[in-house]
Each structure stands twice: as structure tokens, then as C-alpha cells.
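To start, the structure under review is shown below, and the notes come after it.
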Amino acid sequence: MPKASELKRGVVIDINGVPHAVKNVEAKSPSSRGATTLYKIRFKNLVTGQKLDESYKSDEFLTEADCERASVQYSYKDGDNIVFMNSDDYSQYEVAIDDVEDLMAYLSEGLEGLTAIIMNDVILSVELPQTVDLEIADTTPATKGATATGRTKPAQLVTGAEVQVPEYIETGATIRINTGTGKFMSRV
């Protein structure tokens, strides 16, 4: 049972029998003497996808949900579902595209480094790695002398997502993207 002060992003907590993942933790220190630090925590309901904001005192105990984390790999798209394969025992899990719609911009076939939160043999959510490497499917041609400026241009990735890249990047190049911000980091 972790205390509110020990919570970190990604921890799964049981709130009224429903698993909630910690998305953001913010500490608020009151100015009056003797007051305890309050932790404002944003949860994501792993069943419905709704957000929940709660405040706890630093010494309040919370109950961890009974779920497991497994390393999975994106396998393929099957109609309205996506299939993930467990990297350890090669079992497969199907998830509705609507449940992982925010991940679709970064999922390419064979992508590894994903972490699935599983409860009762059902994937509740999937977490992306910090960075992914994707190929540029289409962008305007590179301009001469573009390395000297900090200007960017739009580029469409093989997944269909659009990202701003420096002007010297060309179609077919592989780039690294920060999945938290959705921004270009470097050329691979």
C-alpha cells in the first residue's frame, strides 16, 4: 500500500474496485505552519478512459490494483482491433482501436518496448516507450542551406501522423520522435 507521497506516474491504484492509472502528480505545500503537504493526483480510469482528479494528504494510504505489467510488441491491425503479442510467452491480446486511438500515430508493425497493463487476461492500457523511430512517408524537398536556419516544415510519417521537422530532412529519412510531446528529436 503506497502513500500518496510515494505515487509516481504509471502506478495503478484501485479506487472503488476500479483500476486507475496515475497520470500526473502535483505537490502543493501550504503556507501555514503545521499544515501537511497535499498531493493533487490526476488518474485515468483504465476501464472507461475518464479522468479523475483527487487530492490526498502525504501520509494517506492508497490500495494498489491487482494487475500485471507485461512487455508487448505491436503485431498487426485486424479490422477494428489491434493485436499485441506478449514478448515473454508469445500470447496474443486483441484491443479495440478506439481504446488505443491516441497511440496510433506512433504504432508501426513490429514496434517493441511497449508495456501493457493486464488484468484478468485483458489489456487495460498500453504505454509507449519514451521515443520511437519512424520513417517519413512524404515531405517537401530539402532546401539548399536549410541547416543554417531553425525553420521547420510539416512531414507525414508512415503511420499517417504529421510532425514538424527541420527543413533539411527529406522523404524516406528515419527520425526519432518524443512520444510524450509528439515532437521531432533527431535524425536516426
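The values are calculated or read from the model by the stated rules, or taken from the named source; none is laboratory data. All values reported here derive from a predicted model rather than from experimental measurement. So basically every Cβ, Gly included, is an ideal-geometry build from the backbone, and we count neighbours across all protein chains shown.
Scanning segment 15-45 for residues that are part of a loop (DSSP other than H, G, I, E, B) and of a type outside the set (A, V, I, L, M, F, W, C) yields N16, G17, S29, P30, S31, S32, R33, G34, T36, T37.
Residue by residue, here is whether (1) farther than 22 Å from V122 by Cβ; (2) without any contact (Cβ under 8 Å) to a residue 60 or more places away in the chain; (3) not acidic (D, E) holds:
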{"position": "K3", "(1), (2), (3)": "yes, yes, yes"}
{"position": "G10", "(1), (2), (3)": "no, no, yes"}
{"position": "V18", "(1), (2), (3)": "no, yes, yes"}
{"position": "K28", "(1), (2), (3)": "yes, yes, yes"}
{"position": "E54", "(1), (2), (3)": "yes, yes, no"}
{"position": "S58", "(1), (2), (3)": "yes, yes, yes"}
{"position": "S71", "(1), (2), (3)": "no, yes, yes"}
{"position": "Q92", "(1), (2), (3)": "no, yes, yes"}
{"position": "G110", "(1), (2), (3)": "yes, yes, yes"}
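Criterion applied to K23, K51, K40 was being modelled with pLDDT under 90 and among the basic types (K, R), and the one residue passing it is K23. Annotation note: Cβ proximity below 6 Å between a residue of segment 162-182 that is free of Cβ contacts under 8 Å to residues at least 40 places away in the same chain and a residue that is part of a loop (DSSP other than H, G, I, E, B) and surrounded by 14 or more Cβ atoms within 10 Å (Cβ to Cβ) (sequence gap 6+ or interchain) occurs for Y168/A142; E170/A142.
Assessment of segment 84-92 against the conditions (more than 14 Å from the chain's Cα centre (by Cα) and at positive phi) yields at least one matching residue.
In segment 116-130, the residue that is farthest from the chain's Cα centre (by Cα) out of those that are buried (at least 16 other Cβ atoms within 10 Å of the Cβ) and of a type outside the set (A, V, I, L, M, F, W, C) is S125.
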